[in-house]
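**Q** Quick one: structure below, then a few questions.
The values are calculated or read from the model by the stated rules, or taken from the named source; none is laboratory data. A quick note: this is a predicted structure, and the numbers were derived from the prediction, not measured. Note that each Cβ is placed from the backbone with ideal geometry, even for glycine, and that neighbours are counted across all protein chains shown. Protein only, heavy atoms only, side chains kept; ligands, DNA and RNA dropped before computing areas. Shrake-Rupley method; radii C 1.70, N 1.55, O 1.52, S 1.80 Å.
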Amino acid sequence: MKVTNHPAPAVAQPFSRRIVITVLGSLQILSWGSTFYLPAVLARPIAQDTGWPYAVVVGGLSVGLLMAGLVSPRTGRAIALHGGRPVLAAGSVLLALGLLIIGTAQSYIWYFAGWAALGTGMGAGLYDAAFASLGALYGNAARGAITSVTLFGGFASTVCWPVSAYLVEHFGWRSTCFVYAGIHLVVALPLYIAILPRRSGPKADGGVPSNLASTALHHEERSLFGMLSAVLTISAAILSMMGAQLITLLQARGLDIKTAVTLGMLIGPSAVGARFIEMLAGHRYHPIWTMIASVTLVFVGACLFLVGSLGFAPAIILYAAGNGIGSIAKGTLPLSLFGSVRYPALMGRLALPIMAAMALSPYIGAIAFQHGGAMWTFALLLGMALSNVMLVAILWALSRRLRRAL
């Protein structure tokens, strides 16, 4: 069995690769910080202001992530057909709409409706859509671009948690949502329209873009794809639970809000540092080794969370480093295993279980926290991290067998 890897499509691009990467990366900071990382700072103020249970407030993120998973397969196909420009631009509008609805919510129904709109925008505006857009633009040469975009995205919590905390303290949680909505409309939307070409792929003979001509998996690839999906799904569940609750968990272990936020700010530099190392050395080895390093670092970090307050800083650093390069592996490993032709559509298929897990894990984590406190939640994270170490060993064996068959 042989997988055909086509060269990058010839697309008229008005801006250089460096500018595209810089803009997409910068907007990923905004997109992640105003969606996925938002409840870490806003959940408690929302619960205190409205009287809604904390688990219900965090459950809004679950609704959003579930919607993101549902739309992601269509997002991948739309990017393969039309390029990233219309999809990412529409994502900005939907993100702004969702934030506006959340900011005006006076009931559960309106609040969850806002998260549903926000989640639709997340499916069209977070890493999966950005990676698919880069894959459609640059083909097999997209690995470096994907890595560079994740370098920017790694600063999402470092930049947006302090900004969100400042806005909440001085203006309230509702105004915080309105500010982020305005940035999406005034900054992100025009930039997406300006820097991305209208179409990112040539057409096949039948009028169908060549990157949609053949998305089926061969028999030998199905087990590999399933195992890759499982590993990425568990990694996403860990990321989601930590991203939504880390500040709350640290406070529950006796830290004040400023100390917790300060420790949380270690995530960005740690993730970016690890990604920078991968960017320098990643071309020397297969992306499967990036995934192996990722799950190992996350597992060791999860162990350290159970040690006590002295272990929090190294735990966050190792967890963030593992998660940071895991984001790279999420984008580069499918590209390496299955080729650029099928990449946008397969990224959409991978996103469905990933987003579903990310939708459920914050709520499960909130229930664990309510019933057993921070220790139960950290123990749950450790169990998931250990499972992923074992699964990625199987993934490595399957990938070796597939490469030998090529």
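**Q** Quick check on G139: is it assigned to a helix (DSSP H, G or I) and touching a His at 6+ places or on another chain (Cβ under 7 Å)? Talk me through it step by step, then tell me what you get.
**A** Working: assigned to a helix (DSSP H, G or I): yes; touching a His at 6+ places or on another chain (Cβ under 7 Å): yes.
Criteria met by G139.
**Q** In the range 96-129, which residues are within 15 Å of the chain's Cα centre (by Cα) and either part of a helix (DSSP H, G or I) or at positive phi (or both)?
**A** The answer is L118, G119, T120, G121, M122, G123, A124, G125, Y127, D128, A129.
**Q** Out of the range 122-136, which residues are touching a Gly at 6+ places or on another chain (Cβ under 7 Å) and aliphatic (A, V, I, L, M)?
**A** Passing the criteria: M122, A124, A129, A132, A136.
**Q** Still on this structure, please answer the following. Which condition from (1) part of a helix (DSSP H, G or I); (2) at pLDDT 90 or above is the one that V41 breaks?
**A** Checking V41 against (1) part of a helix (DSSP H, G or I); (2) at pLDDT 90 or above, the one that fails is (2).
**Q** For the range 312-333: of the residues being open to solvent by less than 10 Å² (accessible area, probe 1.4 Å) and in contact with a Gly (Cβ under 9 Å, 6 or more places away or on another chain), which is nearest to I79 (Cα to Cα)?
**A** Restricting to residues being open to solvent by less than 10 Å² (accessible area, probe 1.4 Å) and in contact with a Gly (Cβ under 9 Å, 6 or more places away or on another chain), the top hit is G331.
**Q** Could you pull out the residue among V300, V272 that is under 19 Å from L380 (Cα atoms), in contact with a Leu (Cβ under 8 Å, 6 or more places away or on another chain) and of a type in the set (V, I, T)?
**A** Of V300, V272, the one residue that is under 19 Å from L380 (Cα atoms), in contact with a Leu (Cβ under 8 Å, 6 or more places away or on another chain) and of a type in the set (V, I, T) is V300.
**Q** Same structure again: Just name the residue that is modelled with the lowest pLDDT out of those in the range 57-76 that are open to solvent by 30 Å² or more (accessible area, probe 1.4 Å) and farther than 22 Å from W161 by Cβ.
**A** P73
**Q** Let me ask you something else. From the list G383, G373, which one is small (G, A, S) and at pLDDT below 90?
**A** G373
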